[in-house]
Amino acid sequence: MEGMIHSIETFGTVDGPGIRYVVFVKGCPMRCQYCHNPDTWEMAGGTKKTTDEILEDYEKYKPFLKDGGLTVTGGEPLVQIDFLIELFEKAKQRGIHTCLDTSGIMFRRNVPEIYEKYVRLMKSTDLIMLDIKHIDPEEHVKLTAQPSENIFDFLKFLDEQEKEIWIRHVLVPGITLIPEYLKRLGEFIAQFRHVKALDVLPYHSMGKEKYEKMGIDYVLKDVEEATKEQAIEARKIIIDAMREKRRLMEQG
């Protein structure tokens, strides 16, 4: 089976545990204002590759992928879920650790034929890095042009499937860098027992030049980048809220 690929990175260090072989796929319904890969939104302009071609290329770098594995990101990998299923199932046959970096926006629990694909995919997925863009539903739509319900339901689904989950959250001054929202995020993810890590990523404007070249307005052009110190403090607010919520939950 062929997938539409944007690019491949052979020495990824921030896309899961260890050193990773990272496949960036094409296609995404989200329009996150801070997205630094707007060239992955549409399917056009990619390169078709089969699952076997990707895994054969992976084998060339296997000696360097110490304690790592294969990560698929994007774009939104779940746009091409059939390709993803085949790729991960073949990867597991080779003993490769698999990681899915996703927003979860494509998840549909109430559509049986789609839901069954997610159940199948989870059987060959070792780790899910889930991007939570905004905890507030209305603000989520403003930030991404998509609702958050399916994303939050996907997190619930992952917890039900007992999959290891890493949460990622981008800290944008004036949008997500607000104590109330950070606290709400911590209280929300506290209920999911299989969340094993939390990465709070400072917003940066590295994608601005791509927008200019593509003729797309960069909405956040006047927003200052977040600092590492702000990210550390924001993560503390989220973690403290998680711990307090779990303490109250345990008390009944």
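The values are calculated or read from the model by the stated rules, or taken from the named source; none is laboratory data. Predicted model, so just to flag it, every value in this text is computed and none were measured. Cβ atoms come from the backbone with ideal geometry, glycine included; neighbour counts cover every protein chain shown.
Note on the range 87-202: enclosed helices (runs of 4 or more DSSP H) holding 1 or more residues that are out of contact with any strand residue (DSSP E or B) (no Cβ under 8 Å at 6 or more places or on another chain), of a type in the set (S, T, N, Q) and surrounded by fewer than 20 Cβ atoms within 10 Å (Cβ to Cβ) are 149-160.
Out of the residues in the range 44-57 that are in contact with a helix residue (DSSP H, G or I) (Cβ under 8 Å, 6 or more places away or on another chain) and modelled with pLDDT of 95 or more, which is surrounded by the fewest Cβ atoms within 10 Å (Cβ to Cβ)?
Going residue by residue through the range 44-57, those that are in contact with a helix residue (DSSP H, G or I) (Cβ under 8 Å, 6 or more places away or on another chain) are 45, 51-52, 54-55.
In the following step, the residues that additionally are modelled with pLDDT of 95 or more were identified as 51-52, 54-55.
Working: Thr51: 19, Asp52: 12, Ile54: 20, Leu55: 17.
Per the criteria, the residue is Asp52.
Scanning the range 109-132 for residues that are under 17 Å from the mean Cα position of the chain (by Cα) and of a type outside the set (Ser, Thr, Tyr) gives Leu121, Met122, Asp126, Leu127, Ile128, Met129, Leu130, Asp131, Ile132.
Within the range 211-247, the residues that satisfy the criterion of being of a type in the set (D, E, K, R) and touching a strand residue (DSSP E or B) at 6+ places or on another chain (Cβ under 8 Å) are Glu224, Glu225, Lys228, Arg235.
Taking the range 4-15, which residues are touching an Asp or Glu at 6+ places or on another chain (Cβ under 9 Å), buried (at least 18 other Cβ atoms within 10 Å of the Cβ) and modelled with pLDDT of 95 or more? Give the steps one after another, and end with the answer.
Within the range 4-15, the subset touching an Asp or Glu at 6+ places or on another chain (Cβ under 9 Å) is 6, 8-10, 14-15.
The next check asks that each one be buried (at least 18 other Cβ atoms within 10 Å of the Cβ); those that pass are 6, 15.
Across the range 4-15, the qualifying residue is only His6.
Criterion applied to Ala145, Ala91 was being among the aliphatic types (A, V, I, L, M) and over 19 Å from the mean Cα position of the chain (by Cα), and the one residue passing it is Ala91.
Kindly indicate which of Ile175, Ile189, Ile135, Ile167 is under 19 Å from Gly74 (Cα atoms) and touching a helix residue (DSSP H, G or I) at 6+ places or on another chain (Cβ under 8 Å).
Numbers: Ile175 fails: under 19 Å from Gly74 (Cα atoms); Ile189 fails: under 19 Å from Gly74 (Cα atoms); Ile135 fails: under 19 Å from Gly74 (Cα atoms).
Residue meeting the stated conditions: Ile167.
Against the numbered list (1) free of Cβ contacts under 8 Å to residues at least 12 places away in the same chain; (2) in a helix (DSSP H, G or I), Asp217 comes up short only at (2). When Lys66 is tested against (1) touching a Leu at 6+ places or on another chain (Cβ under 7 Å); (2) among the charged types (D, E, K, R); (3) assigned to a loop (DSSP other than H, G, I, E, B), just one condition goes unmet, and that condition is (1).
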